[in-house]
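Here's the structure, in structure tokens; my notes come after.
Since every read-out is calculated from the coordinates, none of them should be taken as a lab result. This one's a predicted model, so the numbers in the text were calculated from it and none came from an experiment. Cβ atoms come from the backbone with ideal geometry, glycine included; neighbour counts cover every protein chain shown.
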Amino acid sequence: MRTDRCGDLRLTDEGRSVTLCGWVSRRREHGEHLAFIDLRDRSGIVQVVVDGAQDLRAEYVLQIKGEVRQRPNETTNTSISTGEIEVEAKEVTVLSEAEPPPFPLDERTEIDEVLRLRHRYVDLRRERMQKNLTIRSKVNSAIRQAMEEQGFVEVETPMLIASTPEGARDFVVPSRKEPGSFYALPQSPQIFKQLCMVGGVDRYYQIARCLRDEDLRADRQFEFMQLDAEASFVTQEDVLAFISYAVLSAAETITGERPGEIPRMSWHEAQERFGSDKPDIRFGLELVELTDIFTSTEFRAFEAPCIKGIRVPKGSDLSRNRLDDLTEKCKQWGAKGLVWMKVEDGELNSPVSKFLTEEEKSALQETLQAEDGDLLFLVADERSMVRHVLGLLRLEMGRPPVTEGGLSFLWVVDFPLFEGVDEEGNPQPAHHPFTMPHEEDIEKLEEGDLLGVRSQAYDLVLNGWELGSGSVRIHKREIQEKIFQVLGIETEEAQEKFGFLLDAFRYGAPPHAGFAFGMDRLTAILAGEENIREVIAYPKTQSGADPLTSAPNPIDDKHLTELGLRVLPPKQ
RNA sequence: GGUCCUGUGGUGCAGCCUGGAGUGCACGCCGCCCUGUCAAGGCGGAGGUCGCGAGUUCAAAUCUCGUCAGGACCGCCA
């Protein structure tokens, strides 16, 4: 139907007879016998000159047969790629008429997102979305190529699987053949990829769809894509190298420039300096240790296991209102309170300064390297709470948009094996229950110093977003059983939930390690978007609805009966 | 489960704080004019349940409460 794409035509095509297809992007009428049509397809826009009489409205779909010619002097348009030429139409066919679009398709205004999603098929015509979908395709392709180059084999794993107890809330699919039983949709192909290792697929990867029924965010959808990878006979170092190669290749494909080697930071350092396991290292405002200054303080609020502070340069002009607002936020994040101090004329001006000694105040100024005009924030509490609250306050005070300042990758390594305990007092795995403890820390496991056990688990962070995580897995049955025991998972329960994995390990399990990272997040940042919905063709809203198809919606009783289901009345 | 923000012709905004007739701006739409525009231009016109429901008031887009939808975040996301 067409010989060329609109955006591809150049001066070198002058004189050619071409056939183009596309949408009417804009028309400019100059009376009865001259009109300009900007014809748009995926490749771009070209100006078509038509005899003015025809009724060609916005978004009509046209086929144009005509001749490429150089534009007359002084009429070239330097802002588009085809600006030196135009197509003189000899024949215009209306392939489809169109109602006026529900919103303008140019990029000048930000349109309400529900409206865009309801008419996504129109929204996708916009340059921004065409660009983002193209970038997504290129990122996928670059990742696949990088993994293939490194000898990985793509293996597809099932979508209808058994529910496993750990982790996020499962999406669930009722079984028709076995009423009352359910499949789960995979939160990740975790167990299947480990089985692939036992199966001798020593380098597995997959761009896998994953589903988790948790609340949505700017960087989280119910369903999302991960590069999932696993390799046998490798160490943590090998995995970091494989994954670094893949993400750096993807970045290079999109930006044209290969970022340098990805720096590393221990989980402990990340927590101490940034109050986060996914530190955004693009800006300062680091957490400073102040506990020792107040070991014998008279100020009761500072009689705490840990005190840390952050210095906001030139922050002393913050209004009392804003400071109260920040204090309130810190309380909602779990702190007992927030102490602020303004540095003015060498003095610390604060509601609490009268409770502090001169020694404490000068030590504070010195440690924080405070200067006139600065604002200091202090939080005192349990160490994990101080890190958590100041980490969030730091982001609140200084975090740039996720797309700003280039690509700041970071490996966070040496995660703890466990974090905290659940309601029943059982320790919780920080990563997942198949994570291999640090060789040096296996003794601590025996001694019961559980929170001190480091694991061979690692995260990849980009501009403060957690891209993904991975670990060296346990391949020895004894260690796995020990971990289950520590986690409070009974042998029977373990056998029931993960029996097939444990069984598999009887038949010759190679040492293996892996990783998985979010393709949507990587793509969004590479595309310069702050929200992954912008790089997903058909995303859901924050409440999990699809304005285009109205999903989720009720199904009829007949359908329910067939599945052996009955719906409870809505809660009051 | 929680905090905050938004909702006004088809679209994007202003108006709200400090209540007084659906008032304004830009784009789009419809009609007419226009032979070199490119966000074309000129003239004219149509288009509104101010998300929805209560309340306060002589009077509510505006104040209060509730509710719905959307968004950002906390919790949650092995």
(request) Could you let me know the centre-to-centre spacing of the stretch A:196-214 and the stretch A:156-184, using Cα atoms, in angstrom? (result) 17 Å
(message) Shape verdict for the stretch A:436-572, please, from the Cα gyration tensor: rounded (a/c under 1.5), prolate (a/b greater than b/c) or oblate.
(response) oblate
(message) What distance in nm separates the two pseudo spin-label positions at A:ALA545 and A:GLU269, each 7 Å out from Cα along the beta-carbon direction?
(response) 4.8 nm
(message) With 10 angstrom as the radius, rank A:THR134, A:THR12 by how many other C-beta atoms surround their C-beta, starting from the fewest.
(response) A:THR12, A:THR134
(message) Give me a comma-separated list of calculated 3J(HN,Hα) values for the stretch A:23-31, in order, Karplus coefficients 6.51, -1.76, 1.60 applied at θ = phi - 60°, integers in Hz, x for any Gly or Pro.
(response) 9, 6, 7, 7, 10, 10, 9, 10, x
(message) Could you work out the relative contact order of the stretch A:184-315? I mean the mean sequence separation of Cα pairs under 8 Å and 6+ apart, divided by the number of residues, in percent.
(response) 14 percent
(request) Find the centroid of the Cα atoms in the stretch A:463-508 and in the stretch A:551-572, then give the distance between the two in whole Å. (result) 36 Å
(message) Shape verdict for the stretch A:1-94, please, from the Cα gyration tensor: rounded (a/c under 1.5), prolate (a/b greater than b/c) or oblate.
(response) rounded
(message) Against the 2.2 N^0.38 Å scaling, with N counting residues, where does the stretch A:51-201 land? I'd like the Cα-based Rg ratio to two decimal places.
(response) 1.73
(request) Return the loop-located GluC sites (Glu not before Pro) in the stretch A:49-127 (DSSP other than H, G, I, E, B) with at most 15 other Cβ atoms within 10 Å of their own Cβ; answer none if there are none. (result) A:GLU74, A:GLU97, A:GLU107, A:GLU110
(request) Classify the stretch A:222-293 as rounded, prolate or oblate, taking a ≥ b ≥ c as the square roots of the eigenvalues of its Cα gyration tensor: rounded when a/c is under 1.5, otherwise prolate if a/b is larger than b/c and oblate if not. (result) prolate
(request) Find how many whole Å separate the alpha carbon centroid of the stretch A:1-78 from the alpha carbon centroid of the stretch A:266-302. (result) 61 Å
(request) Could you go through the stretch A:4-9 in sequence order and give the Karplus-derived ³J(HN,Hα) for each residue, using 6.51 cos²θ - 1.76 cosθ + 1.60 with θ = phi - 60°, rounded to whole Hz, and x for Gly and Pro? (result) 8, 9, 3, x, 8, 5
(message) At a threshold of 8 angstrom on Cα-Cα distance, excluding pairs fewer than six apart, so keeping six or more, what relative contact order does the stretch A:414-572 reach in percent?
(response) 16 percent
(message) For A:GLU67, project a label point 7 Å along Cα to C-beta. Then give me every residue of the stretch A:83-105 with its amide nitrogen under 11 Å of that point.
(response) A:88-90
(request) May I ask for the net charge around A:ARG16, where only other residues with Cβ less than 12 Å from the Cβ of A:ARG16 are counted and Lys, Arg are +1 while Asp, Glu are -1? (result) -3
(message) Treating only the Cβ of Lys, Arg, Asp and Glu as charged (+1, +1, -1, -1), what charge dipole size does the stretch A:462-572 show about its Cα centre? Round to the nearest 20 debye.
(response) 180 debye
(message) How big is chain A along each principal axis, measuring the range of its Cα positions in Å and listing the largest first?
(response) 90, 73, 55
(request) Over chain A, calculate the relative contact order: mean separation of alpha carbon pairs under 8 Å at least 6 apart, over the residue count, as a percent. (result) 14 percent
(request) Work out the length of the dipole vector of chain A about its Cα centre, built from +1 on the beta-carbon of each Lys and Arg and -1 on the beta-carbon of each Asp and Glu, and round it to the nearest 20 debye. (result) 1800 debye
(message) At 222 nm, what value in deg cm²/dmol follows for chain A if DSSP H runs of at least 4 each add -39500 (n - 2.57) and the sum is divided by all its residues, to the nearest 500?
(response) -8000 deg cm²/dmol
